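Participant: Got a structure here, written out as structure tokens. Questions coming.
Coordinate-derived values only; no laboratory data. Note that the coordinates shown come from a computational prediction; the quantities given were computed from them, not determined experimentally.
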Amino acid sequence: MSQDTTTEALRAICTDGAAAPKPRPATQSGTPSRKTAARRKARSRRTRLPLALAALAEGGITGNSAYAPALRGLARMGVIVKPLYFWSPVALFVFSVVVFSLAMGGTALACLSLGVMPTPVRGMLNAGPTVFTLLIAGMSVVFTAIHWLRARAIGLPRWRDL
């Protein structure tokens with residue numbers, strides 16, 4: 001895989017368009033032949049990323065919706081990150097717990113330090129840490145379910161099968 005293809009794939013992450021490589025050759029039934037699939041199997045993240053973005057584009061998911069904003073920032077810096085739809089449910093759950101904890105905890109901490117207490121933040125702080133934890137866990141389960149079930153619905157291959 002050339003450097004140009006990887007650069008195009010990284011550019012597609014940062015924009016809403018998908019720079020997809022040529023589609024896989026298909027047999028008469030419409031599925032790739034085993035020889036072609038075995039020959040084209042990617043070995044590194046750099047070679048898998050364009051194939052993953054092509055599979056997402058076939059399913060109607062573009063670069064912007066395949067990555068969270070923080071991951072798009074990493075991609076702009078040149079770090080090869082798997083699209084969220086190729087993550088395992090456990091990884092999605094842990095990622096969302098961290099993101100939601102930082103967002104909600106940061107908001108609560110900022111409000112406490114500034115002395116400004118909007119009603120939703122006051123309600124969250126008055127409810128206590130148990131409600132805060134359950135709220136984050138619930139939102140994380142929903143986030144995980146949305147991404148994992150959508151990946152299964154459009155028939156994405158596993159990352160290691162690319």
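Participant: Please compute the contact order of the range 89-150 in relative form: average sequence separation of alpha-carbon pairs under 8 Å and at least six residues apart, divided by the residue count, as a percent.
Facilitator: Here the relative contact order equals 57 percent.
Participant: A follow-up question, please. With θ set to phi - 60° and the Karplus curve 6.51 cos²θ - 1.76 cosθ + 1.60, what are the ³J(HN,Hα) couplings of the range 65-81 in order, to the nearest whole Hz, using x for Gly and Pro?
Facilitator: Along the range 65-81, the couplings run 7, 7, 10, 6, x, 5, 6, 5, x, 4, 5, 5, 7, x, 7, 7, 10 Hz.
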